[in-house]
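> Questions regarding the structure given below will be posed in turn.
The values are calculated or read from the model by the stated rules, or taken from the named source; none is laboratory data. Keep in mind the model is a prediction, meaning the values are calculated, not measured. Using ideal geometry, Cβ is built from the backbone for each residue, glycine included, and neighbour counts are taken over all protein chains shown.
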Amino acid sequence: MRIAQLDDRTVLLTDEGAIDVPAELAADLFARWDDLREWSESATGAQPYDPAVLRAPLPAPRQIFAVALNYRPHTLEAGYEEPEAPLVFTKFPTSLTGPYTTVDLPPGNVDWELELVAVIGHEARRVPTEKGWDPVVALTVGQDLSERIAQLAGRPAQFSLAKSHPGFGPVGPALVSLDEIEDRDDLELTCELNGEVVQHDRTGNMIFPIPRLVAYLSEFCTLLPGDLIFTGTPAGVGNRRTPQRFLTPEDELVSRIGSVGEMRHRFRKATP
């Protein structure tokens, strides 16, 4: 099951097109998740759609968590030792954008970070690691775009602010239910910039897999339906290259994760 936002409508994406989700299910998506899955198995009436008008599949989550240094090669390229516990920051909901938008580049050095995003489906608190998948109902593709000058200027650094400019949280194209994922613990990640592969790894190489992240976060916070967890990026980000490389107007960034989906973004200079 692949649930998306098409203009202002909640839809089921199929090979044949998009099917409007009944209003009573769309109104309380996660509370009715099982009903939604049952409906999706026999839903009909697919119509062609333009992917360009897909929005973020969750336009206004209450909490967005993100994890730094969660792949060993990225930890090494950043010049740090492997963390003993997840390093967590937040992105603000106004940073979210859809899977095929044009993102405004503010002044500074804007970098890419492809990430698998876990979607929480029900309230969870103090979840044991062995049950860490239980609150997760879907996965989606994410980019944790980051303006590096502001991010690294402060002591401590300003991770959340520098990663929350408008458009700096692309997600999509859909919420993919776990039954659609062949191996939820080992998905291929590929990020391309203008056709060149700049990041490539597998989620099986995370230092802290999704069940551990859910357990750790739920020790501190109550996880809520619709919360997003950006699970960390692999090696290959622009600010750790020699020479450094950052996003520029007219670049095309392609973000692809296994059976979860693909996003495409272009960029332009932000106007005052």
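> Out of all the residues in segment 39-60, is one or more of a type outside the set (F, W, Y) and in contact with a helix residue (DSSP H, G or I) (Cβ under 7 Å, 6 or more places away or on another chain)?
The answer is yes, given that some residue of segment 39-60 is of a type outside the set (F, W, Y) and in contact with a helix residue (DSSP H, G or I) (Cβ under 7 Å, 6 or more places away or on another chain).
> Moving to a separate point now. Does segment 31-77 hold any residues that are part of a helix (DSSP H, G or I) and of a type in the set (G, A, S), and which are they?
S40, A52
> Determine the pairs where a residue that is in the same structural domain as D35 (by TED's automatic domain parsing) and on the phi > 0 side of the Ramachandran plot, located within segment 4-22, has a partner that is loosely packed, with under 14 Cβ neighbours inside 10 Å and part of a loop (DSSP other than H, G, I, E, B) with Cβ atoms under 6 Å apart, the partner being 6 or more residues away or on another chain.
Pairs found: G17/P48.
> Determine, yes or no, whether I120 is within 17 Å of V88 (Cβ to Cβ), out of contact with any Ser or Thr (no Cβ under 6 Å at 6 or more places or on another chain) and at pLDDT 95 or above.
yes
> It is to be established whether one or more residues within segment 57-73 are among the hydrophobic types (A, V, I, L, M, F, W, C), surrounded by fewer than 21 Cβ atoms within 10 Å (Cβ to Cβ) and more than 17 Å from the chain's Cα centre (by Cα).
Scanning segment 57-73, I find no residue that is among the hydrophobic types (A, V, I, L, M, F, W, C), surrounded by fewer than 21 Cβ atoms within 10 Å (Cβ to Cβ) and more than 17 Å from the chain's Cα centre (by Cα), so the answer is no.
> If a residue must be of a type in the set (G, A, S) and closer than 13 Å to Y216 by Cβ, how many such residues does segment 115-130 contain?
Result for segment 115-130: 2.
> Given the criteria of a type in the set (G, A, S), at pLDDT 95 or above and in contact with a strand residue (DSSP E or B) (Cβ under 7 Å, 6 or more places away or on another chain), does G167 qualify?
It is true that G167 is of a type in the set (G, A, S), at pLDDT 95 or above and in contact with a strand residue (DSSP E or B) (Cβ under 7 Å, 6 or more places away or on another chain).
> So which of F65, F30, F89 is within 30 Å of T242 (Cβ to Cβ) and not aliphatic (A, V, I, L, M)? Full working, then the answer.
Working: F65 fails: within 30 Å of T242 (Cβ to Cβ); F30 fails: within 30 Å of T242 (Cβ to Cβ).
Just one listed residue meets the conditions, F89.
> If I filter segment 17-24 for residues that are surrounded by fewer than 17 Cβ atoms within 10 Å (Cβ to Cβ) and part of a loop (DSSP other than H, G, I, E, B), do I get at least one hit?
Looking through segment 17-24, at least one residue is surrounded by fewer than 17 Cβ atoms within 10 Å (Cβ to Cβ) and part of a loop (DSSP other than H, G, I, E, B).
> Additional query: Give the residue, chosen from A150, A124, A118, A138, that is crowded, with 24+ Cβ neighbours inside 10 Å and more than 17 Å from N70 (Cα to Cα).
Just one listed residue meets the conditions, A138.
> Please work out which one of (1) over 23 Å from P170 (Cα atoms); (2) in the same structural domain as P211 (by TED's automatic domain parsing) is the condition A66 fails and give its number.
(1)
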